[in-house]
Amino acid sequence: MARRIRMGLIGGGPGSFIGPVHAMAARLDGQIDLVAGVFSRDAARNALAAAGYGVDPARAYADVEALLAQEAQRPDGIDFVTIATPNAHHAAAATAAIDAGVAVLSDKPMTATLAEAQQIVARLAHNPVPFGLTYTYTGYPLVREMRARVAAGTIGTLRKVVVEYSQGWLAGAAESRQAQWRLDPARSGEGGCIADIGVHAFHLAEFIGGTPVVRLAADLGSVVPGRALDDDCQVFLRFANGARGLLMASQVMTGEGNGLAIRLYGSTGGLRWSQEEPNHFDWLREDGGLERVRAGDPSLGAAARRATRLPGGHPEGLIEALGNLYRDFAGSLAGEPGSLVPDAGQGLRGMAFIAASVAASRAGAGWVDFAP
């Protein structure tokens, strides 16, 4: 598109963590304008959010239906919506946008239930609008570089994947609004920690490793008494090529911040990366040597270079990573190839992973086949 792309935001009202992050990331490269939204079901909070985002008060709508209907009548109406609500509202908002022919970029997980995700995929088959998921960590330049190196055979045949996501913010009382909805089955869905951060780890393992999970054995638990949803998870993985994996996700690891990290080992080498230090990864060689690969290095591949804005030594972080997904999505709306934004099929796999892990853990089923 020769003009800037117009975005509507669903969710992200006052007190939201992720809404302002989406707004900053969308605006980062000057391709997208946030022009409308349904920020809150409360009229006063909706107006307050619109003012904070710099949105015309007349384009802060009372509900999703009004947003889609009235924006469709404008010559400068929205091109896509971002869904940044609690999980229980994802499906209805996405369905309404798809039916209106409006592109969708949704927070993960795709929906609250697997059945809802299946319905969205079926709807997209009949009305194929662009649809993406903000698995934000896939936007990091060095995550994309590791993906390219694994695909190129740099570490040989993939044998082992260890991915962990450690947080401590739910180790005590869950008093904040952010904590309360994540632990409420009515708003989060059937998964707690597994749906909030475990699915990030799952997607990252498949994204970098390049091979799908086909079997799993899950152990999910509620460590803090009285919780209806899991806050601590361990899942063994088996990949289609025979590689073995371990996924650990926990929100009760006292003192931890946002410790997403992944290690991949092949027949001739290994790679390891941490989200809290995202501007380098280690390449472990068969001969025992180690090379530290840094962001911004001119030797990186095309996908990593395209996702890098600054010269080497200038750190980039979460907002830039999410900005890369927005830039890719904007490019796809303009007909450009090469987008790495996770699509509805990957969103469906994430929901299937949540459902399979919850069911297998509850049943004490051990190893189960995983075939979404």
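Pairs linking a residue in segment 247-275 that is touching a residue at least 24 places away in the same chain (Cβ under 8 Å) and of a type in the set (Phe, Trp, Tyr) to a residue that is outside any loop (DSSP other than H, G, I, E, B) and open to solvent by 20 Å² or more (accessible area, probe 1.4 Å), with Cβ atoms under 6 Å and 6 or more positions apart or on different chains, are Tyr265/Arg159; Tyr265/Lys160.
If the condition is being over 13 Å from the mean Cα position of the chain (by Cα), β-branched (Val, Ile, Thr) and surrounded by fewer than 24 Cβ atoms within 10 Å (Cβ to Cβ), then segment 184-212 contributes only Thr211.
The criterion of being under 15 Å from Arg147 (Cα atoms) and surrounded by fewer than 17 Cβ atoms within 10 Å (Cβ to Cβ) holds for Ala302. Within the option set Gly323, Gly366, being of a type in the set (Gly, Ala, Ser) and more than 27 Å from Phe236 (Cβ to Cβ) holds for one residue only, Gly323.
The sole residue among Pro311, Pro278, Pro342 that is buried (at least 20 other Cβ atoms within 10 Å of the Cβ) and more than 24 Å from Pro128 (Cα to Cα) is Pro278. The lone criterion from (1) on the phi < 0 side of the Ramachandran plot; (2) surrounded by fewer than 17 Cβ atoms within 10 Å (Cβ to Cβ); (3) over 20 Å from the mean Cα position of the chain (by Cα) left unmet by Val150 is number (2).
Taking segment 261-275 as the range and being open to solvent by 30 Å² or more (accessible area, probe 1.4 Å) and within 11 Å of Lys160 (Cβ to Cβ) as the test, the residues that pass are Arg263, Tyr265, Ser267.
Here Ala365 clears all of (1) modelled with pLDDT under 95; (2) touching a helix residue (DSSP H, G or I) at 6+ places or on another chain (Cβ under 9 Å) except the condition numbered (1). Just one of the numbered conditions (1) under 18 Å from the mean Cα position of the chain (by Cα); (2) crowded, with 18+ Cβ neighbours inside 10 Å is not true of Gln178: (2). Take the residues in segment 232-250 that are more than 17 Å from Ala360 (Cβ to Cβ) and among the polar types (S, T, N, Q); name whichever of them is surrounded by the fewest Cβ atoms within 10 Å (Cβ to Cβ). So the residue we want is Asn241. For Asp287, indicate whether it is farther than 30 Å from Gly8 by Cβ, modelled with pLDDT under 95 and among the charged types (D, E, K, R). Yes: the conditions hold for Asp287.
The values are calculated or read from the model by the stated rules, or taken from the named source; none is laboratory data. This structure is a prediction, so every number in the text was calculated from the model and none was measured. Quick reminder, even Gly has a Cβ in these numbers, built from the backbone with ideal geometry, and neighbours come from all protein chains shown. All accessible areas refer to the heavy atoms of the entire protein, side chains included, with ligands and DNA or RNA removed. Shrake-Rupley method; radii C 1.70, N 1.55, O 1.52, S 1.80 Å.
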